[in-house]
């Protein structure tokens, strides 16, 4: 039996991932400026009114979910997604992937939308990935959970 390493949701791109992909290239502005689009993402969390100089990966996913008619976590903390939706044993195309942060602080993390996986990395599409909305790879051992609405 062949199992795909790039599973899709019934052959279709989930609505929230379609929304996210349209935001590709939105990036944080330099010192003294604020990207109003990122401020809009933050308005979907307790960070309403904040600029683009703070961590906004979870704000971005909350915004994408809202645009898709799905309630997100409402939190700017990436790890808030650990208890959202349903857990997945294996990732599905477009699912939420919750990761640890680079350091070991237990409340820190990162969150993005799963695209694919290989032997070493998981590839996510998300916000605040090198300060912009884009695809980026992360070591597989940083994944804490995969979640689905």
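Annotations
- Applying the criterion of being touching a helix residue (DSSP H, G or I) at 6+ places or on another chain (Cβ under 7 Å) and either closer than 11 Å to residue 78 by Cα or in a loop (DSSP other than H, G, I, E, B) (or both) to the residues of segment 101-117, the residue that is modelled with the lowest pLDDT is 107.
- Within segment 14-58, being farther than 22 Å from residue 79 by Cα, surrounded by fewer than 14 Cβ atoms within 10 Å (Cβ to Cβ) and within 18 Å of the chain's Cα centre (by Cα) holds for 22, 24, 25.
The values are calculated or read from the model by the stated rules, or taken from the named source; none is laboratory data. No experiment lies behind these values; they were computed from the predicted model shown. So basically every Cβ, Gly included, is an ideal-geometry build from the backbone, and we count neighbours across all protein chains shown.
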